[in-house]
Amino acid sequence: MIFDVPQNAFYSILVIFFLLMTASLSRIFLAKKNPKSDFTELRQRIQSWWWMVSFLFSCLIISRTTAIILFGFISFLALKEFFSIVPTRLADRRVIFWSYLAIPIQYYWVSIEWYGMFIIFIPIYLFLFLPVRMVLIGETKGFIRAIGITHWGVMLTVFCLSHIAYLLVLPVKNLDAGNIGLVIFLISMTQLNDVAQYIWGKSLGRRPIIPKVSPNKTLEGFIGGVLTITLISGNFASFLTPLSANEGYFAGLLISICGFFGDVVISSVKRDLEIKDSGTLIPGHGGILDRLDSLIFVSPVFFHYIHYVVF
Amino acid sequence: MPKRILKILFFLLLIRPIVFIVIGLNIRGKRNLPLSGPTIIVANHNSHLDTLVLMSLFPLSILHNIRPVAAADYFLSNPILKWLSLNCIDIIPLARKPRFISKDKLFQTCHAALDKGNILIIFPEGTRGVPEEMGRIKSGIFHLINDRKDTRVVPLVMHGLGKSLPRGEALFVPFNCDVIIGEQLPLETSKDKFVDNLSTTFNALLKQCLTRNNSVK
């Protein structure tokens, strides 16, 4: 126990830093070997990983409250990025203002562990409140579209992502891993899935899986990713989560499939708007939505799987 | 110099946290940002936040060299705004309806600032106008640079702030803002050519904005 971090969670943090170190060293080695090629983007990408991972782990280690505030802040950045790129009416500024206010309230329910309110606040109360606020402004032209876009954005970036924070307040079932272990498991499996699908697709990919949305995504990459993550997840689940090995395999399958769909859904949004990235917040990655796309879909599904199997 | 320190503190403690955390910028073309004068940055105008966002791009060490040219009739109109404008932002006040003043006299303070190597910020539309819509570019700026071959002109486009704080609204709502810095504009011989070129450049830069589809017309 260091900094009150459960042992297995601490080891996994060390492993992740070791992987990052390997990535940085390989990049330096590659750059030395091919002095003519430009590795700026790869360098920025890895550098950004160092920042994101260090920031996340620091907040997780300092305290549960710090971590909840961090996830709330991430939701804010993601929601803001969403509202900045999608078409909204000038008349809806006040409705959008209220949707931002939903963030502290939603994460407050997390912090006081009020599951019943946490799970219905955005899908029911905010769902009903936002159109009421919009009606009071009274602009009917484009009403349906406007209310759809606004609530969908809050669902994706606040409701879905807040499930990661709720993992932190569940009763601890695996004492060696703690709830930090659950969060590290969820985030690292999701991100590894992105990497695995990319690598399998690059090396074996032939058949495009969804060419209209993402011409680079292939069936081979998808299947390779699903198999890789299912295997890794099955082997590490009992180390970092309260799941058994068999349950871990299934969790890996869920993470991999949901991660893929989260990625292509956000890609479709960007394609519809004819932009390549949703922002420039994270050098080498694009915007924060570009990084969170898979996590948005994985978090609630993984959460409810854990909730169903373990609690 | 107390004014210089006041300006730095104002930006460091108040403006920069708002600009970089609450608003959030998508910056492109950062390498085109001029760090020394005499230079004029010409930008489009949607919101009061434009000036503050633009000034936050510069390192604090040269912040005292950055001077927005702003309408005297508006910014000097009430005592609090006047004090902020002159001390914390350090504007160059300009008469917007210069019917009875000669051009030389009108631009006197601008020329003095450029002579000192300052970077001036000018909004050639002259007003914030309809949010996120380009207004007609006025030619005053051409007269300002016409007899100054030493002065660079750098175009810059912002998009998104018209949503955050449009004209006539008091409630601020956070949205990301695109900032696209273009390459230095070539010298032109005639007023019309200059205005044409500037407007083409603005439109080209606006096409690079990630937030360009953010409004329902």
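The values are calculated or read from the model by the stated rules, or taken from the named source; none is laboratory data. Everything numeric here is computed off the predicted structure, so don't read it as measured data. Here the Cβ positions follow ideal geometry from the backbone for every residue, glycine too, while neighbour counts run over all protein chains shown.
Residues in region A:135-179 that are within 13 Å of another protein chain (Cβ to nearest Cβ) and at positive phi: A:G142 alone.
So that you can scan it fast, the table gives a plain yes or no per residue for (1) more than 17 Å from the chain's Cα centre (by Cα); (2) within 14 Å of another protein chain (Cβ to nearest Cβ):
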{"position": "A:L240", "(1), (2)": "yes, no"}
{"position": "A:F250", "(1), (2)": "yes, no"}
{"position": "A:E274", "(1), (2)": "yes, yes"}
{"position": "A:P300", "(1), (2)": "no, no"}
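Per the listing A:S268, A:S294, the residue uniquely modelled with pLDDT of 95 or more, surrounded by fewer than 18 Cβ atoms within 10 Å (Cβ to Cβ) and more than 11 Å from chain B (Cβ to nearest Cβ) is A:S268.
Listed here are the residues, each with its yes/no results for (1) on the phi > 0 side of the Ramachandran plot; (2) modelled with pLDDT of 90 or more.
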position: B:I145; (1), (2): no, no
position: B:R148; (1), (2): no, no
position: B:V154; (1), (2): no, yes
position: B:V157; (1), (2): no, yes
position: B:G168; (1), (2): yes, no
position: B:F172; (1), (2): no, yes
position: B:I180; (1), (2): no, yes
position: B:Q184; (1), (2): no, yes
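Close Cβ contacts (under 6 Å, 6 or more residues apart or on different chains) running from residues in region B:69-90 that are free of Cβ contacts under 8 Å to residues at least 40 places away in the same chain and over 21 Å from B:L9 (Cβ atoms) to residues that are of a type outside the set (D, E) and in a helix (DSSP H, G or I) comprise B:L76/B:K82. Checking each residue in region B:126-139 for being closer than 23 Å to B:L49 by Cβ, surrounded by fewer than 19 Cβ atoms within 10 Å (Cβ to Cβ) and away from chain A (no Cβ under 14 Å) picks out B:G126, B:T127, B:M134, B:G135, B:R136, B:K138. Counting only strands (runs of 3 or more DSSP E) wholly contained in region B:11-78, the ones carrying 1 or more residues that are within 14 Å of chain A (Cβ to nearest Cβ) and more than 17 Å from B:V154 (Cα to Cα) occupy B:25-28.
Within region A:223-263, the residues that satisfy the criterion of being under 28 Å from A:I209 (Cα atoms), surrounded by 20 or more Cβ atoms within 10 Å (Cβ to Cβ), touching a Gly at 6+ places or on another chain (Cβ under 9 Å) and of a type outside the set (A, V, I, L, M, F, W, C) are A:G224, A:G225, A:T230, A:S233, A:G234, A:G248, A:G252, A:S256, A:G259. In region A:113-125 there is at least one residue that is surrounded by fewer than 14 Cβ atoms within 10 Å (Cβ to Cβ), without any contact (Cβ under 8 Å) to a residue 12 or more places away in the chain and not in a helix (DSSP H, G or I).
The residues on offer are A:Q197, A:Q191, and the sole one that is buried (at least 23 other Cβ atoms within 10 Å of the Cβ) and either in contact with a helix residue (DSSP H, G or I) (Cβ under 9 Å, 6 or more places away or on another chain) or outside any helix (DSSP H, G or I) (or both) is A:Q197. Considered as a group, the residues in region B:153-185 that are charged (D, E, K, R) and surrounded by fewer than 24 Cβ atoms within 10 Å (Cβ to Cβ) include one that is farthest from the other protein chains (Cβ to nearest Cβ), and that residue is B:E183.
Of a type in the set (A, V, I, L, M, F, W, C), in contact with a strand residue (DSSP E or B) (Cβ under 8 Å, 6 or more places away or on another chain) and part of a helix (DSSP H, G or I) - does that describe any residue in region B:130-141?
Checked against the condition, which is being of a type in the set (A, V, I, L, M, F, W, C), in contact with a strand residue (DSSP E or B) (Cβ under 8 Å, 6 or more places away or on another chain) and part of a helix (DSSP H, G or I), region B:130-141 yields at least one hit.
In this structure, A:G279 does satisfy being assigned to a loop (DSSP other than H, G, I, E, B) and either within 14 Å of chain B (Cβ to nearest Cβ) or under 19 Å from the mean Cα position of the chain (by Cα) (or both).
Is region B:103-110 home to any residue that is part of a helix (DSSP H, G or I), in contact with a Leu (Cβ under 7 Å, 6 or more places away or on another chain) and buried (at least 20 other Cβ atoms within 10 Å of the Cβ)? So far as region B:103-110 goes, yes, one or more of its residues are part of a helix (DSSP H, G or I), in contact with a Leu (Cβ under 7 Å, 6 or more places away or on another chain) and buried (at least 20 other Cβ atoms within 10 Å of the Cβ).
Residues checked against (1) assigned to a helix (DSSP H, G or I); (2) within 14 Å of chain B (Cβ to nearest Cβ); (3) more than 23 Å from the chain's Cα centre (by Cα):
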position	(1), (2), (3)
A:I16	yes, no, no
A:L19	yes, no, no
A:T22	yes, no, yes
A:F57	yes, no, no
A:T65	yes, no, no
A:I69	yes, yes, no
A:L77	yes, yes, no
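Quick grid of which residues meet (1) surrounded by fewer than 17 Cβ atoms within 10 Å (Cβ to Cβ); (2) at pLDDT 95 or above; (3) within 20 Å of A:T190 (Cα to Cα):
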| site | (1), (2), (3) |
| --- | --- |
| A:Q7 | yes, no, no |
| A:M21 | yes, yes, yes |
| A:I28 | yes, no, no |
| A:P35 | yes, no, no |
| A:V53 | no, yes, yes |
| A:F57 | no, yes, yes |
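Taken over region A:131-188, the criterion of being of a type in the set (A, V, I, L, M, F, W, C), surrounded by fewer than 17 Cβ atoms within 10 Å (Cβ to Cβ) and more than 20 Å from the chain's Cα centre (by Cα) is satisfied by A:V132, A:V135, A:L136, A:I137, A:I144, A:V172, A:L175.
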